[in-house]
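Remarks on the structure that follows.
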Amino acid sequence: MHLRGAMGERTNRQILLVEKPAGRLAPEHFRLTQATAPAPKDGEVLVRLRYISLDAANRAWMQGATYRAAVEPGAVMAGGALAEVVESRADGFAAGDLVFADTGWQDYAALPARHLIKLPKITPLTHLLSVYGIAGLTAYFGLLHVGRPKEGETVVVSAAAGSVGSLVGQIGKIKGCRVVGIAGGREKCDWLIRQLGFDAAVDYKAANVFKELKQAAPRGIDVYFDNVGGDILEACLAQMNVRGRIACCGAISQYDGAPDAHGPRGVPGLIVVKRLVLQGFIVTDYFNEREQALADLQSWVAAGKLKVQEDVSDGLENTPRALIGLLAGENRGKRMVRVG
Ligand SMILES: NC(=O)c1ccc[n+]([C@@H]2O[C@H](COP(=O)([O-])OP(=O)(O)OC[C@H]3O[C@@H](n4cnc5c(N)ncnc54)[C@H](OP(=O)(O)O)[C@@H]3O)[C@@H](O)[C@H]2O)c1
């Protein structure tokens with residue numbers, strides 16, 4: 001719903017981060033408020049949000065500065081969104097254009113044009129946030145450029161039923177690998193195998209991950225795509241093959257609440273003995289190769305080799321709940337909130 005005031009100004013609902021959570025994230029850490037939408041300055045563009053992307057990183061940004069500044073109490077909660085230009089005071093953008101930007105959780109944002117990525121109008125639009133957005137590109141570059149799997153190798157991915165993980169596993173299959181997913185719950189694990197074509201899946205909430213992984217990956221692990229860190233990273237490290245690669249994508253087990261006091265055992269001993277490469281990456285490192293990545297992703301989707309799972313809910317006011325639920329493992333595939 002988009003309201004206009006008596007003077008014709010636009011009402012801008014905003015979700016503020018009230019305080020940084022010391023423990024787990026909860027609804028009381030957020031507050032819904034209303035302001036007037038800003039007028040764009042020279043070189044800026046006013047956008048209206050369509051879909052907010054929910055990302056594990058939203059929670060990590062509350063911990064402190066990462067590859068972006070920390071989110072501070074009292075500020076509009078930070079987050080990426082698919083948005084439509086309503087007014088432009090910058091060259092290259094016109095009303096009606098579709099963009100991706102770090103808009104924050106609100107109806108409208110005025111942003112410098114250089115911070116916007118212009119997007120094509122495709123059907124469904126939501127794919128611009130999932131397979132053709134950060135999630136798809138992270139899976140693609142992280143697996144193929146950092147993990148570098150070869151045909152016949154074993155790839156293991158954690159948070160495997162999430163937005164990045166569900167694509168990593170399928171790309172691993174496209175490249176001819178044995179793929180093992182690690183996810184929370186039997187239903188998610190069955191879904192990975194039956195619907196997405198994973199070879200095996202380990203339910204980390206029910207099983208001894210180390211033991212189950214030994215069965216699921218009997219020839220050891222050549223590539224581990226790590227979305228979670230912590231104990232799961234430790235279990236994988238111990239089963240890596242010589243010259244294996246670990247693509248360090250994220251550490252969701254450490255984001256919500258106090259992180260473990262100790263790191264995974266085996267560092268650096270196992271890295272030395274097995275000549276492992278552990279490499280962190282941020283998806284934007286590879287943005288100059290985005291065209292090729294998008295072309296590959298599109299061809300795999302068109303050929304039915306890559307299934308895109310999306311989890312869309314409605315209403316700006318429900319965004320905090322959607323993030324809290326993502327951290328608790330409610331989602332399958334890419335979670336987002338439809339705003340306008
Ligand atoms: N490096 C980059 O450029 C980049 C870019 C995008 C995302 N990322 C990273 O990619 C990872 C996935 O992020 P996403 O936004 O796509 O989220 P997501 O995978 O869609 O959702 C997060 C999933 O993580 C699982 N999870 C939550 N707590 C966990 C824990 N303690 N241990 C194991 N699994 C847990 C939950 O599923 P279960 O039911 O399986 O627990 C949840 O559904 C995050 O680490 C994120 O920081 C990195």
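The values are calculated or read from the model by the stated rules, or taken from the named source; none is laboratory data. In this text, all values refer to a predicted model and were calculated from it rather than measured experimentally. Methodologically, a virtual Cβ is constructed for each residue, glycine included, from the backbone with ideal geometry; neighbour enumeration extends over all protein chains shown. For accessibility, only protein heavy atoms count, side chains too; no ligands or nucleic acids. Shrake-Rupley method; radii C 1.70, N 1.55, O 1.52, S 1.80 Å.
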Checklist entry - Which Cα, out of 136, 37, 299, lies furthest along the positive dipole direction of the chain (beta carbon charges, K/R +1, D/E -1)? => result 299
Item to check | Eligible aspartates and glutamates near residue 121 by straight Cα distance, threshold 12 Å, same-chain separation 8 or greater | outcome: 84, 97
Checklist entry - Based on the mean of other beta carbon atoms within 10 Å per residue, what is the order of 46-58, 305-317, most packed first? => result 46-58, 305-317
Item to check | Of 20/188; 175/274; 175/214; 175/307; 118/305; 173/307, those spanning more than 19 Å from alpha-carbon to alpha-carbon | outcome: 20/188; 175/274; 175/214; 118/305
Next on the checklist: Explain nothing, just compute: Karplus ³J(HN,Hα) = 6.51 cos²θ - 1.76 cosθ + 1.60, θ = phi - 60°, for every residue of the stretch 119-134 in order, whole Hz, x for Gly and Pro.
Outcome noted: 10, x, 8, 10, 10, x, 4, 4, 4, 5, 9, 9, 5, 9, x, 4
Checklist entry - Looking only at Cα atoms, what is the convex hull volume of the chain per residue, in Å³? => result 132
Checklist outcome for this item: Going residue by residue through the stretch 305-313, the Karplus relation 6.51 cos²θ - 1.76 cosθ + 1.60 with θ = phi - 60° gives ³J(HN,Hα) values, rounded to whole Hz and with x marking Gly or Pro, of 8, 10, 8, 10, 9, 10, 10, 10, 10
Checklist entry - In straight Cα distance, which aspartates and glutamates are under 20 Å from residue 150, not counting same-chain residues fewer than 8 positions off? => result 199, 222, 226, 296
Checklist entry - In Å², what does the accessible area per residue of the chain work out to with a 1.4 Å probe? => result 44
Checklist entry - How much of the accessible area of the chain, in percent, comes from carbon and sulfur atoms when a 1.4 Å probe is used? => result 50
Checklist outcome for this item: Counting only residues 5 or more apart in sequence or on a different chain, those whose built amide H sits under 5 Å from that of residue 241 are 221, 222
Item to check | Ranked packing of 136-148, 173-185, most packed first, by mean Cβ within 10 Å | outcome: 136-148, 173-185
Checklist entry - Which whole-Hz couplings ³J(HN,Hα) result when phi for each residue of the stretch 315-332 is put into the Karplus expression 6.51 cos²θ - 1.76 cosθ + 1.60, θ = phi - 60°, listed in order with x for Gly and Pro? => result x, 3, 5, 8, 5, x, 4, 5, 6, 4, x, 4, 5, 8, x, 5, 8, 10
Item to check | Cβ charges +1 (Lys, Arg) and -1 (Asp, Glu), total dipole of the chain, debye | outcome: 720
Next on the checklist: Could you sort 105, 300 by their accessible area in this structure, using a 1.4 Å probe and putting the largest first?
Outcome noted: 300, 105
Checklist entry - Hey, what's the per residue convex hull volume over the C-alpha atoms of the stretch 247-340, in cubic angstrom? => result 177
Checklist entry - Averaged over all directions, how much area does the convex hull of the C-alpha atoms of the stretch 1-133 cover when projected, in nm²? => result 9.0
Checklist entry - For the chain, with the dipole built from +1 on Lys and Arg beta-carbon atoms and -1 on Asp and Glu ones, taken about the Cα centre, which of 16, 85, 324 lies farthest toward the positive end? => result 324
Checklist outcome for this item: Per the rule of 0.36 nm per residue minus the C-alpha distance, extending residue 32 to residue 84 adds in nm 16.5 nm
Checklist entry - Nearest-5 percent of antiparallel DSSP beta bridges in the chain? => result 55
